[in-house]
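One structure is given here, and the rest of the page talks about it.
Just so it is clear, none of the values below were taken in a lab; they were calculated from the coordinates. Keep in mind it's a predicted model, so treat the numbers as computed, not measured. Neighbour counts run over all protein chains shown; Cβ positions are idealised from the backbone, glycine included.
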Amino acid sequence: MIGELASFSNAISYAFSGILGGKSTQISSWRNTLRGSSLIAMAIISIVLLFNVESISLRVVLIGVAGGFIGGLGLPLIYQAFAIGSVSFVSPVTTLVQTFNLILFAVIVENERLSITFPIAAALGIAGIFACSRTSSTGTGASFHAFVLSILAACFFTGFSFLMTLIQNNEIIPALFGGRIGVLLVSFIFSPRRSKEDGDKTQEPPKNWLKYALLSGVCEMLANLTFMLAIANLELSKVGIIMASGPALAAIIGIKLMKQKPLPINWLGIAATCAALIVIAVA
């Protein structure tokens, strides 16, 4: 039951994290969002680590740093994707690619069998993404830029997931601490600064974006923790099935936070994408 609950919590936390980060990026810039979300997440895991000091080991922390750095490279990409594209498009693409990579990893590395239903999943996924790309009722649709950003972000997130499979149950907290160090390193590489890219958005009062960036960091930390709990207590294939609810959850959240209302064709695409994720996980 822990694995199932953690997987569903991961889907919710992941959806909130990306959308809140996208909202912050719309108001300010992805650089500001990355720094704000990274700092609050680091503060949270540091406090938690104080109660688990005895679990620290250099090997685990270094694995976490490597995973956090790789996954952290995907954060600016997903923030920008949600800022410029519709939630009903970005979330399905990201989740589908990430889940596909996870299952592929399970098949190649852990020798899990891939059934003959995989082509069905591929067809559902392609059809779902096409339907999700249709312009929503608020005029927000898909773009090649958002599509590429989503795919790249998913690949970086998958790299984090791969490395975290090396962690045991009693190593979760120090691994996440190392992971936050890695993400923080990324945030310093892309530190907030005035640039042509950011334009006049840097003039916005901090309160207009900071709350979204901080909440995004909190949800991101929860997503990391619940993912670790999920893969430590449940088979990767089952984790993938439950994570399939992510696109639908993100679309629902986006209606409120991003002021986007998917059309019936978008919902149909989300349903097809979720079905594809389930078939991939079962295969």
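Here are the numbers for this structure:
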item: Residues ARG113 and SER57, FRET efficiency given R0 of 35 Å [Cβ-Cβ distance, rounded to 0.05]; result: 0.55
item: Selection of chymotrypsin sites (Phe, Trp or Tyr not before Pro), the stretch 26-79, meeting DSSP coil and at most 13 other Cβ within 10 Å; result: PHE51
item: Translational diffusion of the stretch 48-194, µm² s⁻¹ [Kirkwood Rh, Cα pairs; Stokes-Einstein; 25 °C; 0.890 mPa s]; result: 145 µm²/s
item: As computed over the chain, the Cα convex hull volume per residue (Å³); result: 115 Å³
item: Lys pairs under 22 Å by Cα in the chain, provided they are eight or more residues apart or on distinct chains; result: 13
item: Within the chain, helix-based [θ] at 222 nm, where runs of 4 or more DSSP H residues each add -39,500 (n - 2.57), nearest 500; result: -25500 deg cm²/dmol
item: Karplus 3J(HN,Hα) series, Hz, for the stretch 10-21 with 6.51 cos²θ - 1.76 cosθ + 1.60 (x for Gly, Pro); result: 4, 4, 5, 5, 5, 4, 5, 4, x, 5, 5, x
item: Estimated inter-spin distance, HIS145 and ILE265, nm [label 7 Å along Cα→Cβ]; result: 2.3 nm
item: Label point 7 Å beyond Cα of ALA127 along Cβ direction - residues of the stretch 262-278 with amide nitrogen under 15 Å; result: 265-278
item: Whole-Å distance, taken between Cα centres, linking the stretch 1-24 and the stretch 50-74; result: 20 Å
item: Stretch gain in nm, segment LEU50-PHE105, where the contour uses 0.36 nm per residue and the Cα spacing is subtracted; result: 16.4 nm
item: Counted charge near VAL183, where neighbours are those whose Cβ lies closer than 11 Å (Asp, Glu -1; Lys, Arg +1); result: +1
item: For peptides 12-25, 55-68, sequence by mean Cβ density within 10 Å, most packed first; result: 12-25, 55-68
